[in-house]
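The values are calculated or read from the model by the stated rules, or taken from the named source; none is laboratory data. Note that this is a predicted model, so its numbers are computed, not measured. Neighbour counts are summed over all protein chains in view; Cβ atoms, including those assigned to glycine, are modelled from backbone coordinates with ideal geometry.
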Amino acid sequence: MKTNSKLPKFLRIAALAALAFWAAISLSRILQQTLSSSGGNDLYTYWYAGHFLREGKDFYKAFINNELPTVPVQYLDQKVDTLNEILFAGLSPAPASTAPVFFLLAPLAFLSWSLAKTVWLVLNLALLGAIPFLIVQLFPKKNWLNRWELLALILAMIGLTSTRFAAASGQITFLILDLMLAAILLADHIPWVAGLFLGMALSKYSLALGILILFTFIDPKPRLVFAAGLVQVAGIVGLMLLSGSGFLEIFGEYIHMALWHAGREGIHLAAALHAEQYLLLIALTLTLAVGIPLALWRWKKAGRPLNQSLESLSLYHLAVILILWVLLVGYHRAYDVMVVIVFFGLIAYLAKMPDSWDLSRGIRTALKAFAAIALLLLMVPSGSVVRGLLPLSLETLWGEAANLTATFLITIFLVLTIIILFRVRDVK
């Protein structure tokens, strides 16, 4: 009996040790891949565009017209005289985001490429570390995780394959998720600041659109939405004043780049079904499939005045649903999968505070078991980890299987979150 009583504690220690071991491997791979010649491939877009901002040019137009930066370029750490130190094989400068985040990251263009991606790696890992702390603060009960449980959540997030992809490529996913979570956290208390955060997050509109919908239609926050819109308008106006491009011209460039990315492979539903030509139809169908139950839920809450904020647990459910929805309806690559950490945060709260839902013990156990299995599946190595270990045909198949698994799991996460939203107990 004494041995059995200690078994759960032993299992917890073993699980934490395993998560720490895998997170350490993930961090070492992130460092190795970032410092390689192909590392920071997504950050390169922002660093490269920063050169045109330094010259007072429209970087969208420069990409569309195949313009090149002017040399020589004086960086803070060195001077380069040829384009060979600015153009790198395999790195694409295609700008996929809107202007505000390019202005935010423009200072990196005053550093040489090797130094810029090293500096961004440090900043990006700090942004990654902030995510679990923001998630914990979004739930109604404070300090609901002890320090070891919080550490487990952090290690699990670092161990996700998509986290490694995002960090090694220099993606802005961590920054955008931090901004989205901060906007939700501050929405009731400081709506103008929350709006500024959401406005910057909307630079990657493919990821932040759901939170805009949340505060526009489901839990209306007019001041927040107005401030978010101002940030995006300011980005266009800033680029207009700097480059001389017109408002409609820049907006047209936004559309051009969105269409340029729309048909590319990824983990969104149209790509998983190999039906990119039906992207709009699939997006509309999924939007209806999500929108109808949300409208029904909102109708059930019809007694709540529109100017009264939603209870925080329901608000978190809605945020998770809309984040998962945007992953499936529009273009996303494997690195964006790491935002599903918000779903695992929800399951962690369910495990700690089960009385917040009207769910049987068996259903709660099944949810926790499924989440554990899903977490392990999302940690399975892919990409460069298996490159060279498998024949080319199997390597391609492995990559496709990893993408399909991610899409399938995100879809299940979405369905489950919608279902348990209806089982949230009303706060008395």
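A few notes on this one:
- Residue among Leu127, Leu121, Leu155 that is buried (at least 20 other Cβ atoms within 10 Å of the Cβ), more than 28 Å from Ile13 (Cβ to Cβ) and aliphatic (A, V, I, L, M): Leu121
- Subset of the range 353-380 (residues that are charged (D, E, K, R) and out of contact with any Leu (no Cβ under 7 Å at 6 or more places or on another chain)): Asp355, Asp358, Arg361, Lys368
- The residue that is nearest to Gly170 (Cα to Cα), among those in the range 7-38 that are of a type in the set (Phe, Trp, Tyr) and loosely packed, with under 14 Cβ neighbours inside 10 Å, is Phe21.
- Among the residues of the range 409-428, those that are outside any loop (DSSP other than H, G, I, E, B) and either in contact with a Lys or Arg (Cβ under 7 Å, 6 or more places away or on another chain) or without any contact (Cβ under 8 Å) to a residue 24 or more places away in the chain (or both) comprise Val415, Ile419.
- Qualifying residue in the range 57-77 (condition: β-branched (Val, Ile, Thr), assigned to a helix (DSSP H, G or I) and out of contact with any Cys (no Cβ under 9 Å at 6 or more places or on another chain)): yes
Yes/no matrix, rows are residues, columns are (1) closer than 28 Å to Leu35 by Cβ; (2) hydroxyl-bearing (Ser, Thr, Tyr); (3) modelled with pLDDT of 95 or more:
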| site | (1), (2), (3) |
| --- | --- |
| Arg164 | yes, no, yes |
| Leu179 | yes, no, yes |
| Leu202 | no, no, yes |
| Ile213 | no, no, yes |
| Thr216 | no, yes, yes |
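- Residue count for the range 255-299, restricted to those that are part of a helix (DSSP H, G or I) and either modelled with pLDDT under 85 or polar (S, T, N, Q) (or both): 6
- Residues of the range 374-408 satisfying the condition of being modelled with pLDDT of 70 or more, small (Gly, Ala, Ser) and not in a helix (DSSP H, G or I): Ser382
- Evaluated against (1) out of contact with any Phe, Trp or Tyr (no Cβ under 7 Å at 6 or more places or on another chain); (2) small (Gly, Ala, Ser); (3) at pLDDT 95 or above, Ala371 falls short on exactly one condition, (1).
- Taken over the range 339-369, the criterion of being touching a Lys or Arg at 6+ places or on another chain (Cβ under 7 Å) and under 17 Å from Val320 (Cβ atoms) is satisfied by Ile347, Leu350, Ala351, Met353, Ser356, Trp357, Leu359.
- Residue match in the range 187-206 (condition: within 26 Å of Leu350 (Cα to Cα) and assigned to a helix (DSSP H, G or I)): no
- From the options Ala116, Ala130, Ala152, residue that is small (Gly, Ala, Ser), touching a residue at least 40 places away in the same chain (Cβ under 8 Å) and closer than 16 Å to Phe343 by Cα: Ala152
- Near pairs, Cβ below 6 angstrom, 6+ apart or cross-chain, from the range 24-37 (closer than 20 Å to Ile154 by Cβ) to any residue that is of a type in the set (A, V, I, L, M): Ser26/Ile158; Ile30/Ala167; Ile30/Ala168; Thr34/Leu121; Thr34/Ala168
- The lone exception for Leu328 - which of (1) within 18 Å of Phe139 (Cβ to Cβ); (2) aliphatic (A, V, I, L, M); (3) over 12 Å from the mean Cα position of the chain (by Cα) it fails: (1)
- Meets criteria (farther than 17 Å from Asn124 by Cα and either acidic (Asp, Glu) or in contact (Cβ under 8 Å) with a residue 60 or more places away in the chain (or both)) for Ile86: no
- Residues (among the hydrophobic types (A, V, I, L, M, F, W, C), in contact with a helix residue (DSSP H, G or I) (Cβ under 9 Å, 6 or more places away or on another chain) and farther than 18 Å from Ile64 by Cβ) located in the range 81-90: Ile86, Phe88
- Subset of the range 301-338 that is charged (D, E, K, R) and farther than 20 Å from Gln277 by Cα - its residue that is modelled with the highest pLDDT: Asp336
- So Asn41, is it farther than 27 Å from Asn146 by Cα, out of contact with any strand residue (DSSP E or B) (no Cβ under 7 Å at 6 or more places or on another chain) and surrounded by fewer than 16 Cβ atoms within 10 Å (Cβ to Cβ): no
- Residue satisfying all of: in the range 244-254; assigned to a helix (DSSP H, G or I) and not hydrophobic (A, V, I, L, M, F, W, C); farthest from Asp336 (Cα to Cα) among these: Glu249
- Residue in the range 82-94 that is of a type outside the set (A, V, I, L, M, F, W, C) and part of a helix (DSSP H, G or I) present: yes
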